[in-house]
Amino acid sequence: KVVQGLRDDKKKPMSLMADTTTANAQVRSLSETVRLDARTKLLNPKFYEGMLSTGYEGVREIQKRLRNTMGWSATAGEVDNFVFEDANSVFIEDPEMQQRLLDTNPNAFRDMVTTFLEANGRGYWETTEENIERLQELYAEVEDRIEGI
């Protein structure tokens, strides 16, 4: 975003990443890479269930991926709205998942809620006002639980 602001033509620079995770290395745009990472990790049931099976640290890893996704929004603006919407559906809207995350690592879960609120507040994620209110209420509930209130 900084480079775009400094350019005379205000064009966004192209960001490319080399994917060397397989024997067939590929070059992808940053937006393609972020979408691929979201589908294969953050939003993939095999990934997040595997992380949850490891307990406390697994929930922290899921939170880290969500936070890093927001980081790509902040630095490059390359995260599609659906990534945040789908992550919200998986981790927040599902009451059973919400409880699992909260019971396993309440601090990381609180950080997930904060990340969603921050992504919306910074304009990286468009969602309903009802959803934001639910996240704000959830944040207060989790904070109270952590503080023992």
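Structure summary
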item: Complete set of residues in the stretch 39-65 that are of a type in the set (A, V, I, L, M, F, W, C) and either touching a residue at least 24 places away in the same chain (Cβ under 8 Å) or within 14 Å of Arg100 (Cα to Cα) (or both); result: Leu42, Leu43, Met51, Leu52, Val59, Ile62
item: The stretch 103-144, subset among the aromatic types (Phe, Trp, Tyr) and not in a loop (DSSP other than H, G, I, E, B), residue surrounded by the fewest Cβ atoms within 10 Å (Cβ to Cβ); result: Tyr139
item: Tabulated pairs, the stretch 96-114, first of a type in the set (Val, Ile, Thr), second open to solvent by 50 Å² or more (accessible area, probe 1.4 Å), C-beta under 7 angstrom, 6+ apart or interchain; result: Thr104/Tyr56; Val113/Tyr139; Thr114/Tyr139
item: Single condition Thr21 does not satisfy, out of (1) buried (at least 17 other Cβ atoms within 10 Å of the Cβ); (2) more than 23 Å from Trp125 (Cα to Cα); (3) modelled with pLDDT under 95; (4) not acidic (Asp, Glu); result: (1)
item: Failed item, numbered, when Ala25 is tested on (1) within 26 Å of Asn107 (Cβ to Cβ); (2) free of Cβ contacts under 8 Å to residues at least 40 places away in the same chain; result: (1)
item: Matching residues in the stretch 24-38 - criterion: being surrounded by 15 or more Cβ atoms within 10 Å (Cβ to Cβ) and not in a helix (DSSP H, G or I); result: Arg28
item: Test: residue in the stretch 79-102 that is open to solvent by 20 Å² or more (accessible area, probe 1.4 Å), in contact with an Asp or Glu (Cβ under 7 Å, 6 or more places away or on another chain) and of a type in the set (Phe, Trp, Tyr); result: no
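The values are calculated or read from the model by the stated rules, or taken from the named source; none is laboratory data. Since the structure is predicted, the reported quantities are computational estimates derived from the model, not experimental observations. Note that we place each Cβ from the backbone using ideal geometry, even for glycine, and neighbour counts take in every protein chain shown. Heavy atoms of the whole protein, side chains included, go into the accessibility calculation; ligands, DNA and RNA do not. Shrake-Rupley method; radii C 1.70, N 1.55, O 1.52, S 1.80 Å.
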